[in-house]
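The values are calculated or read from the model by the stated rules, or taken from the named source; none is laboratory data. Computed from a prediction, not measured in an experiment: that's the story for all the values here. Using ideal geometry, Cβ is built from the backbone for each residue, glycine included, and neighbour counts are taken over all protein chains shown. What goes into the accessible areas is simple: the full protein's heavy atoms, side chains included, and nothing from ligands, DNA or RNA. Shrake-Rupley method; radii C 1.70, N 1.55, O 1.52, S 1.80 Å.
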Amino acid sequence: MDAEAGPAGAEQLPWRQHYKNLVLLAYQSFGVVYGDLSTSPLYVYKSTFSGRLGQYQDEQTVFGVLSLIFWTFTLIPLLKYVIIVLSADDNGEGGPFALYSLLCRHAKLSLLPNQQAADEELSTYYREGFSAQHGSSPWLRRFLEKHKKVKTGLLLVVLCGASMVIGDGVLTPAISVLSSMSGLQVRATGLQERSVVLLSCIVLVGLFSLQHRGTQKVAFMFAPIVIIWLFCIGGIGLYNIVHWNPRIYQALSPYYIIKFFRTTGTDGWIALGGILLSMTGSEAMFADLGHFTSASVRLAFITIIYPCLILQYMGQAAFLSKNMFHMRTSFYDSIPGPIFWPVFVVATLAAVVGSQAVISATFSIVKQCHALGCFPRVKIVHTSRWIYGQIYIPEINWILMVLCVGVTVVFGDTTLIGNAYGIACMTVMIVTTFLMALIIIFVWQKNILFALLFLLFFGSIEAVYLSSSLMKVHQGGWVPLVLGFIFMCVMFIWHYGSRKKYLFDLQNKVSMRSILSLGPNLGIVRVPGIGLIYTELVTGVPAIFTHFVTNLPAFHEVLVFLCVKSVPVPYVPPDERYLVGRIGPRAYRMYRCIVRYGYKDMQRDDENFENMLVMSIAKFIMMEAEDVSSSASYDIANEGRMAVIRTTEDAGTPLGMRDLSGLADSISTTRSSKSESLRSLQSSYEQESPSAGRRRRVRFELPNEDTMDQQVKDELLALVEAKHAGVAYIMGHSYIKARRSSSYVKKIVIDVGYSFLRKNCRGPSVSLHIPHISLIEVGMIYYV
């Protein structure tokens, strides 16, 4: 018996571990994903009855409102997001840009420059089971891929959704904190509105001031707060149902929706702008998916979120059906007296958690926009070593804080902020619905009828809610429209200017034939060291190189044309990140290296980048000699073969590395092209700069192998000596101007808008973490 039980127990163990991890992730998701959605009962009924619907103070109207809330919450968060949209993740990532990234890869709708066929060989590029030959609606695919204006229109739709997500980051903290603080007026009746607004602003400033500590601990520390909050409001709802109106369950029938609109008419339609607040936070649930799994998010929603919130909405409706005069503070008035203060404290903490979730989602969407070339360069701080993707963006944080406090002070009323909040949320939801319809066709490869059915069903529901919200533009609804327009202009102007700059580089690049005709020395003096020439081009020689050697006819022994680019995937596996190739014959010592990052990857924030780059080139030299790279190589414009280089330790190392950190004497004895005074300057710079002091110092050594080919050995030796001599980073310092023949609008966009953004964002050398002591900038004027 024991012998038979052993294998069975071994088989059950992985299943037990799987379910244990699933439950743990579901538990953690409460602290990050559901904070916003779970605090909606604080303000839904107040916002709904704030307008002319307040004239219909009878039980049938309350039943109709509850019926609308129930079916809205069931159809949009549960059916659309939890059951359908969560299945459209991009390698575990969610949000509008994740859907756009999927479309760019599976239907070639991207406007990103410098894309190449080698990118399609990434293991994370295509969805599992995808086949381009078996796609549905090929005529639609050809139409979208052929017309650039359609691609631009799709990008504008995505940017609209992204800008509204940023708008959510302004409005969610304001309405959540202000709603929770307004509970003080229930017991402290003498407390004025100004005092509540002041307390809310203090809490908001504290919330944004703590963002630099990161959200690493939020998931585990704040999850109990949200769970306690949910059980509190679920229990209070159940108590109110039993105590005030047990017949409230009848309102779950859609019959009361029909009756509601028959009675209220246009007033009921306008009141939809308050009812839609019950589903705000659904988009954050999808956008924050990257830290969890779709199964864990579904488990948490179906088992706790959905029943607790439905019970709360039913209980609050039962209370209101017998206490219509408590409409303005219905949530806090419905709390039994003995537990009021504990629930108030939990409500305030839950509001902070809900705000944190949306702020984190805002940081994430800005990072994605930046990686895909649609947002100016900003400082991105990775706040966790263990949880990948936890980031903090100082500039965005302080902009959000100023805007959030400003909205709270100017409006000071959750109803007006709710009007603005509803427009922002519904716009994002409609964008997601539209993108999902395209995902169903091009990624899931289903019949176009399924996509149309999805688009018409959910799109019509959301359009009705959006139309109701737009009726309140003059009552605070203008805020997200103005904010969205500003952020959208910033993103599109940056994308347009960056793309024009890339096209200028592409049109003015130097052909390889003219460069190679100069001979191994390129007609200039070759000095010791490695020259890294940064370029956005994946083929050809950038104009900055010829501009440099024309004015200073000397360059390094080893030249590396380095392209750091983004690929429309969330993550690029480390073993697929580096593409290395040779330019010209072996004697030229010229290489091209393409470093690929996904939109969620941490770009080049690596102290050992130089060492990894040298090791990658050395591996390429060995692979080329052994001719084992043919299976993973690409021919790019006859520049020679480019191979994917594995960078992990088990991939084999052609060079030995000896750590010299802290051994100043050893370093000073290495061959260097730098003068004594320059080395002294570098030493002073490294002492003053903490990041430079942490850079790992290594010495590469060539293994003593008699079997190695002499040419390969000489090339590796030249690479090692050049590395020890020093590495210089050469990049263009560009000035972008519109041509004189350009239109007036283009001149404003390039000369004013794009120029302003470039001057006030982080420089490319700072974003790429290039040490200033080794940087050489070449001035260039681009007339686009």
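Could you tell me the calculated FRET efficiency between Lys148 and Ala295, based on Cβ-Cβ distance and R0 = 35 angstrom, to the nearest 0.05?
Plugging the Cβ-Cβ distance into 1/(1 + (r/R0)^6) gives 0.35.
Okay, helix-only estimate at 222 nm for the chain: each DSSP H run of n ≥ 4 adds -39500 (n - 2.57), divide by all residues, round to 500 deg cm²/dmol; what do you get?
Taking each H run of at least 4 residues, the total per residue is -17500 deg cm²/dmol.
If amide H atoms are built 1.01 Å from N in the plane of the peptide, which residues on other chains or at least 5 residues away come under 5 Å of the amide H of Phe555?
Amide H to amide H, under 5 Å and 5 or more residues apart or across chains, Phe555 pairs with Val525, Arg526, Val527.
What whole-number value in Å² describes the accessible area per residue of the chain for a 1.4 Å probe?
Values: 32860 Å² over 784 residues.
On a per-residue basis, the chain sits at 42 Å².
Going 7 Å from the Cα of Arg262 in the Cα-to-Cβ direction, what parts of region 319-359 have a backbone nitrogen less than 17 Å from that spot?
Once the point is set 7 Å along Cα→Cβ of Arg262, nothing inside region 319-359 turns out to lie under 17 Å by backbone N.
Over every pair of different alpha-carbon atoms in region 546-596, take the mean of 1/r and invert it; report that Kirkwood radius in Å. Can you show the working numbers first?
Working: mean 1/r = 0.0772 Å⁻¹.
Value: 13.0 Å, from the Cα pair sum.
May I ask you to order 492-499, 398-405 by the average number of other C-beta atoms within 10 Å around their residues, highest value first? Mind dumping the intermediate values first?
Values: 492-499: 20.0, 398-405: 18.4.
Those peptides, ordered most packed to least, come out 492-499, 398-405.
Please find the FRET efficiency linking Thr189 to Glu395, where r is the Cβ-Cβ separation and R0 is fixed at 35 Å, and quote it to the nearest 0.05.
Details: r = 42 Å, r/R0 = 1.20.
Rounded to the nearest 0.05, the efficiency is 0.25.
Scattering from the C-alpha atoms of region 267-316 alone, worked out with Debye: what is log10 I(q)/I(0) at q = 0.17, 0.18, 0.27 1/Å?
Ignoring solvent entirely, the Cα scatterers give -0.66, -0.72, -1.06.
Quick check: from the Cα gyration tensor, does region 529-628 come out rounded (a/c under 1.5), prolate or oblate?
It comes out oblate by the Cα gyration axes.
How do the peptides 770-776, 617-623, 335-341, 723-729 rank, highest first, by the average count of neighbouring beta carbon atoms within 10 Å per residue?
Numbers: 770-776: 16.1, 617-623: 22.9, 335-341: 12.7, 723-729: 20.7.
The most tightly packed comes first, giving 617-623, 723-729, 770-776, 335-341.
Measure nothing but the geometry: give the 0 to 90° angle between the long axis through the Cα atoms of 340-371 and the longest principal axis through the Cα atoms of the chain, rounded to 10°.
30
With each label point set 7 Å from Cα along the Cα-Cβ vector, what nm distance links Asp575 and Thr303?
Placing both labels 7 Å along Cα→Cβ, they lie 3.5 nm apart.
Can you give me the Cα centroid spacing of region 715-784 and region 400-457 in angstrom?
After rounding, the separation between the Cα centres reads 37 Å.
Pairing the Cα long axis of helix 710-725 with the longest principal axis of the chain, what angle in degrees results, from 0 to 90 and rounded to the nearest 10?
70
Over the chain, what percent of the accessible surface lies on carbon and sulfur atoms, probe 1.4 Å? Intermediate values should be presented prior to the final figure.
Numbers: 20030 of 32860 Å².
Result for the chain: 61 percent of the exposed heavy-atom area is carbon or sulfur.
Quote to one decimal, in nm, the extra length available between Val205 and Gln57 on full extension: 0.36 nm per residue of separation minus the C-alpha distance between them.
Details: separation 148, 0.36 × 148 = 53.28 nm, distance 3.82 nm.
Value of the extension gain: 49.5 nm.
Note the angle between two axes, namely the Cα long axis of helix 394-411 and the longest principal axis of the Cα atoms of the chain, as a number of degrees from 0 to 90, rounded to the nearest 10.
Roughly 20 degrees between the two axes.
With N set to the residue count of the chain, report its C-alpha Rg divided by 2.2 N^0.38 Å to two decimal places. It would help to have the intermediate numbers written out before the result.
Values: Rg = 29.9 Å, N = 784, 2.2 N^0.38 = 27.7 Å.
The value comes to 1.08.
Report the extension gain between Ala554 and Asp714 in nm, rounded to one decimal, defined as 0.36 nm multiplied by the number of residues separating them, less their alpha carbon distance.
On the way: separation 160, 0.36 × 160 = 57.60 nm, distance 2.23 nm.
Computed gain between Ala554 and Asp714 is 55.4 nm.
Starting from the Cα of Ser123, step 7 Å along the direction of its Cβ; do the same at Val473; then give the gap between the two resulting points in nm.
5.1
Take the Cα atoms of region 318-439, build their convex hull, and give its volume per residue in Å³.
Details: hull volume 23.6 nm³, N = 122.
So the per-residue hull volume is 194 Å³.
Name the shape class, rounded, prolate or oblate, that the alpha-carbon gyration tensor gives for region 393-435, where a ≥ b ≥ c are the square roots of its eigenvalues, rounded holds for a/c under 1.5, and otherwise prolate holds if a/b is larger than b/c and oblate otherwise. Don't jump to the answer; show the numbers that get you there.
Values: a/c = 5.38, a/b = 1.30, b/c = 4.13.
Oblate.
On full extension of the chain, what length is gained from Phe340 through Met657, given 0.36 nm per residue of separation minus the C-alpha to C-alpha distance?
Values: separation 317, 0.36 × 317 = 114.12 nm, distance 6.54 nm.
Full-extension gain reported as 107.6 nm.
Based on the Cβ-Cβ distance from Lys322 to Val409, what FRET efficiency comes out when R0 is 51 Å, to the nearest 0.05? The partial results should precede the final answer.
Working: r = 36 Å, r/R0 = 0.71.
For Lys322 and Val409, the calculated efficiency is 0.90.
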